[in-house]
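Here is the structure we will look at.
The values are calculated or read from the model by the stated rules, or taken from the named source; none is laboratory data. Treat the numbers as computed from the prediction; the structure is a model and nothing was measured. Reconstructed Cβ throughout: ideal geometry from the backbone, glycine too, with neighbour counts over all protein chains shown.
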Number of protein chains: 2
Amino acid sequence: MDIAILLFDRLTALDAVGPYEVLSRLPDANLTFVATEAGPTRTDTKALALVADATLADVPHPDILLVPGGPGQNEAEKDEAILDWLRTAHETTTWTTSVCTGSLVLGAAGLLEGKRATTYWLALDELAKYGATPTAERVVIDGKVVTAAGVSSGIDMALTLAAEVGGADLAQMLQLGIEYDPQPPFDSGSEAKAPAHIVEVFRASSRFILEGG
Amino acid sequence: MDIAILLFDRLTALDAVGPYEVLSRLPDANLTFVATEAGPTRTDTKALALVADATLADVPHPDILLVPGGPGQNEAEKDEAILDWLRTAHETTTWTTSVCTGSLVLGAAGLLEGKRATTYWLALDELAKYGATPTAERVVIDGKVVTAAGVSSGIDMALTLAAEVGGADLAQMLQLGIEYDPQPPFDSGSEAKAPAHIVEVFRASSRFILEGG
């Protein structure tokens with residue numbers, strides 16, 4: 001089973017690495033990080049580079065493809081090489097997936113037309129411009145298209161996908177493998193749950209995900 | 001505030017990237033991935049390389065240091081260059097931290113003597129050989145040493161640390177930033193919660209974290 005995770009400049013690392021940690025451990029998984037050019041790809045904070053081992057052309061027909069988000073998504077949405085690759089790959093994928101604003105890149109490729117989909121909470125309305133129905137859920141499955149909400153939601157999406165691919169026992173084993181028994185010290189992980197003043201400060205801030213860290 | 005995250009061959013990527021995604025967004029954070037040699041470091045599955053931008057010698061006195069785990073921890077525990085760096089850095093850190101079996105590397109450096117500490121669930125007993133008190137909690141704080149349980153627990157640890165460093169509002173803003181509102185599709189993330197047959201199969205498997213993916 002070939003799995004391709006797209007990398008691009010100024011992606012948010014956890015969008016890609018959370019799901020990678022689950023999907024790379026699926027039975028018979030052959031997971032490859034791909035980019036328009038092979039080599040190191042610098043993430044949004046500049047403090048980390050993830051290495052793409054292959055170009056887009058090297059993996060034209062993955063069974064599962066995953067598009068992460070991050071501020072670089074703005075350029076990725078306009079990158080015809082990426083959009084062409086996504087369109088062609090999507091014709092033969094079993095699952096086409098995204099995390100965070102990666103869904104906007106799927107949308108730009110025309111793959112969300114008429115689909116329910118989600119994205120990073122601050123970007124949810126933007127899905128409509130691509131003909132998708134913005135859906136404020138953590139993981140949204142519509143046919144073979146699976147979109148996840150912001151950043152850390154990719155872990156939940158990947159476990160959901162693991163259950164679809166290999167059954168509940170496999171997904172639970174993978175969850176135990178990454179000891180994913182989340183115990184955040186606060187309950188501030190969504191617009192609905194975070195204190196109002198936190199949401200307000202966050203919206204006003206320019207230091208975060210959409211703006212580039 | 002200088003933050004150093006150690007990389008070594010065959011680390012588990014999420015151990016490092018989960019906390020990175022939080023800690024790199026602390027105010028005034030200057031986060032650097034360090035390794036014995038700068039350049040790409042291949043993770044346990046071989047499907048990903050993370051780039052270390054600096055050598056150990058480049059960042060001798062970080063304010064926060066973080067040691068991830070993964071199967072490569074076995075070699076890291078015997079690597080005198082790493083152990084020397086940890087001992088020297090620890091003298092002046094504000095926080096010395098680990099995720100997963102990274103705590104065994106702290107232990108090998110002599111930094112857990114007499115401390116309560118945690119690690120990956122399958123490795124918990126091994127902490128005793130370094131004079132630590134194995135503590136089956138997700139995040140354990142003992143003085144300035146903060147250890148986290150397996151892989152994904154690094155996110156909880158980093159948010160806990162963010163609150164210590166910058167207060168609850170900051171931690172909650174960072175949590176909202178990575179939309180960390182975990183909704184795993186199963187409740188299988190710890191030895192205590194996973195179904196017994198899952199734990200049994202996992203223990204018998206050689207495909208997972210401790211053994212190298």
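Here residue B:100 clears all of (1) surrounded by 24 or more Cβ atoms within 10 Å (Cβ to Cβ); (2) out of contact with any Gly (no Cβ under 9 Å at 6 or more places or on another chain) except the condition numbered (2). The condition (being under 18 Å from the mean Cα position of the chain (by Cα) and buried (at least 24 other Cβ atoms within 10 Å of the Cβ)) is satisfied by just one residue among B:178, B:141, B:155: B:155.
The rows are residues; the columns are (1) within 14 Å of chain B (Cβ to nearest Cβ); (2) more than 23 Å from residue A:150 (Cα to Cα).
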{"site": "A:43", "(1), (2)": "yes, no"}
{"site": "A:47", "(1), (2)": "yes, no"}
{"site": "A:52", "(1), (2)": "yes, no"}
{"site": "A:68", "(1), (2)": "yes, no"}
{"site": "A:72", "(1), (2)": "no, no"}
{"site": "A:82", "(1), (2)": "no, no"}
{"site": "A:91", "(1), (2)": "no, yes"}
{"site": "A:111", "(1), (2)": "no, no"}
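Do the conditions hold for residue B:139, that is, is it farther than 30 Å from residue A:205 by Cβ and β-branched (Val, Ile, Thr)? Criteria not met by residue B:139.
Listed here are the residues, each with its yes/no results for (1) closer than 17 Å to residue B:21 by Cα; (2) out of contact with any Leu (no Cβ under 8 Å at 6 or more places or on another chain).
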position: B:117; (1), (2): no, no
position: B:132; (1), (2): no, no
position: B:142; (1), (2): no, yes
position: B:171; (1), (2): yes, no
position: B:184; (1), (2): no, no
position: B:189; (1), (2): no, no
position: B:205; (1), (2): no, yes
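For the range B:42-53, enumerate the residues that are touching a residue at least 40 places away in the same chain (Cβ under 8 Å) and either aromatic (Phe, Trp, Tyr) or closer than 16 Å to residue B:31 by Cβ (or both). Listed by number, the residues that qualify are B:50, B:52.
For the range B:41-59, indicate whether the set of residues that are closer than 15 Å to residue B:95 by Cα, within 17 Å of the chain's Cα centre (by Cα) and not small (Gly, Ala, Ser) is non-empty. For the range B:41-59, residues closer than 15 Å to residue B:95 by Cα, within 17 Å of the chain's Cα centre (by Cα) and not small (Gly, Ala, Ser): absent.
Taking the stated definitions as given, is residue A:133 β-branched (Val, Ile, Thr) and under 16 Å from the mean Cα position of the chain (by Cα)? Quick ask: steps written out before the conclusion?
On the way: β-branched (Val, Ile, Thr): yes; under 16 Å from the mean Cα position of the chain (by Cα): no.
For residue A:133, the condition - β-branched (Val, Ile, Thr) and under 16 Å from the mean Cα position of the chain (by Cα) - is not met.
Just for strands (runs of 3 or more DSSP E) wholly inside the range A:2-91: which have at least 3 residues that are modelled with pLDDT of 95 or more, more than 17 Å from residue A:161 (Cβ to Cβ) and hydrophobic (A, V, I, L, M, F, W, C)? Walk me through how you get there before you give the answer.
Working: elements: A:2-6, A:30-35, A:39-42, A:49-52, A:64-67.
Of the strands (runs of 3 or more DSSP E) lying wholly inside the range A:2-91, those with at least 3 residues that are modelled with pLDDT of 95 or more, more than 17 Å from residue A:161 (Cβ to Cβ) and hydrophobic (A, V, I, L, M, F, W, C) span A:30-35, A:49-52.
Among the helices (runs of 4 or more DSSP H) confined to the range A:118-209, the ones with at least 2 residues that are at the interface with another protein chain (Cβ under 7 Å from one of its Cβ atoms) and not hydrophobic (A, V, I, L, M, F, W, C) are located at A:153-166, A:168-177. Considering the range B:25-51, the residues that are hydroxyl-bearing (Ser, Thr, Tyr) and buried (at least 23 other Cβ atoms within 10 Å of the Cβ) include one that is farthest from residue A:18 (Cα to Cα), namely B:41. Being more than 24 Å from residue B:25 (Cα to Cα) and surrounded by fewer than 15 Cβ atoms within 10 Å (Cβ to Cβ) is a property that residue A:115 lacks.
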